[in-house]
1. If you count, for each residue, the other Cβ atoms within 10 Å and average over each peptide, how do 186-193, 273-280 line up from highest to lowest?
2. Go through segment 62-72 residue by residue and turn each phi into a ³J(HN,Hα) via Karplus (6.51, -1.76, 1.60, θ = phi - 60°); whole Hz please, and just put x for glycine and proline.
3. Which value, in Å to one decimal place, does the Kirkwood hydrodynamic radius take for segment 1-72 when every pair of different Cα atoms is included?
4. In whole Å, what three semi-axes, largest first, describe the equivalent ellipsoid of segment 167-255 built from its Cα gyration tensor (square root of 5 times each eigenvalue)?
5. Taking only the alpha-carbon atoms of segment 245-376, what semi-axes of the equivalent ellipsoid follow from 5 times the gyration tensor eigenvalues under a square root, in whole Å, largest first?
6. Quick one: if you stick a label point 7 Å off each Cα along the C-beta vector at Arg260 and Arg292, how many nm between them?
7. Please report the carbon-and-sulfur percent of the accessible area for segment 4-210; probe 1.4 Å, protein heavy atoms only, DNA, RNA and ligands left out.
8. Can you work out the accessible area per residue across segment 315-379, with the rest of the protein chains kept in place, probe 1.4 Å, in square angstrom?
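The values are calculated or read from the model by the stated rules, or taken from the named source; none is laboratory data. The model shown is predicted, which means the values in this text are computed figures rather than measured ones. As a convention, Cβ positions derive from the backbone with ideal geometry for all residues, glycine included, and neighbour counts pool all protein chains shown. When the accessible area is computed, the model is the full protein with side chains, heavy atoms only, and any ligands, DNA or RNA have been set aside. Shrake-Rupley method; radii C 1.70, N 1.55, O 1.52, S 1.80 Å.
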Amino acid sequence: MSFASLNLIPALLKALEAAGHEQPTPIQASAIPAMLAGRDVMACAQTGTGKTAAFLLPTLQRLEAHRAPAGRGPRVLVLTPTRELATQVRDAASLYAKELKHLRLGTIVGGVPYPPQQKLLMQPLDVLVATPGRFLDHMERGRVDFTRLEVVILDEADRMLDMGFLADVERIMAATPATRQTVMFSATFEGRIATLAGRLLKDPERIRIAPTEAQNAKIAQHVHYVSDVAQKKAMLMALLNEGPVGQAIVFTGTKHGADRLATAIGQNGHSAAALHGDMRQGARNRTLAQFRAGSVRVLVATDVAARGIDVAAISHVFNYDLPRSAEDYVHRIGRTGRAGQSGSAVSFALRAEHGAVKRIERFTGQPIAPRALAGFPVTEPPANGAKDPASAGRGRPERAGDRNRSGRPGGAPGAGRSFARRSPDRDGRAPAGRSRLASVGRGS
Ligand code: AMP
């Protein structure tokens, strides 16, 4: 299948060629025709599947197809959970719109001054990408004009709900014209998402791309069981020192932990920086720019801050602290294996976290092979992991320099300390009553 067979206009085909996208991904092959036909779409697709182009290409084509009435305000509104994702969607839009003349793009996100955003909203805009909190703020001050609005896209809707944006999203949507085309992308069809989709979408085309085959096939996954936090820190340093690690993201459970670990990695001789929600937007942007440019090799991040990062050179994702939910795991490891590259996802787990690892495996349908690391004592996962498909053939420890070949090593039994669950210092907004699908810590 080709992009041309999806009836995309020559200007978009040219931009796709320049971007090096040779053929549509499955989500693109399904979503583009439905959106071009004007249908509402509910798409279940993970990050890394090409979902951004899936919604941008037909939307840009629609903008080209007819002129909008004069006036101000956006013709297309894309809502994203985080500022970083908003920036990436805007950048993708300008990439695909390269051959389209006079397209006006903008972003409205939190953490930056209001006046330039007010000016932006006074103008006619084609595509506006926004995070819900700041956008609603402008709306409530009467600064948003929706009379030209044709399309609303909710990107990573599950994440917006997780971050407590449900009420904001509903208020924004209530103010948009009923004639709009509405498109929702989400990693899951979890209960609340289905309910929201039922309220916002009209007879949507439902598209589901299985997370396993779509996204994680190129990502080798394994876990090092450790006896304590000191050991996982030492192991991480060994892997960074000797392993075939290009650029890496190391995920921590807390902002504080991210700062401390970034400092420690720096002291160990690697260019490292922390990225989390307590940092000012300017500092976050600078850090991300340095990471993209390669001058920062190791980014130590919390879940929310790392959302949407798309850097092709990321060879490894390290789960220094396990994620709180299996969905977070999928999002984290989706930072590697981008744009057709392969990648490795390396998790560290205490024995007490074995259940969490199993829940992630059940959620993704993929084994996370336990591995030992040469030079370190072996910690065996608890025996109830006997059914673990990855536990066969244990014995030979991996060298720090080994490239990931799944299904190998483990070793002799070892002791592990229990692990007090972390949480108070988590990144992001955690509203009361938060409920998460496939919660790793508490059971799913
Ligand atoms: P996304 O799932 O939107 O975050 O996209 C993941 C990555 O895939 C991005 O780096 C895109 O540039 C890239 N990409 C999107 N569509 C294609 C395609 N058809 N062929 C190759 N790469 C693509």
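1. On the way: 186-193: 18.6, 273-280: 20.8.
The most tightly packed comes first, giving 273-280, 186-193.
2. 4, 4, 6, 5, 8, 7, 8, x, 5, x, 10
3. Working: mean 1/r = 0.0781 Å⁻¹.
One over the average 1/r among Cα pairs gives 12.8 Å for segment 1-72.
4. Values: eigenvalues 355, 59, 31 Å².
They are 42, 17, 13 Å, listed largest first.
5. 23, 16, 15
6. Simple spin-label model gives 3.2 nm for this pair.
7. Details: 4160 of 7980 Å².
The computed percentage sits at 52.
8. Values: 1600 Å² over 65 residues.
It amounts to 25 Å² per residue over segment 315-379.
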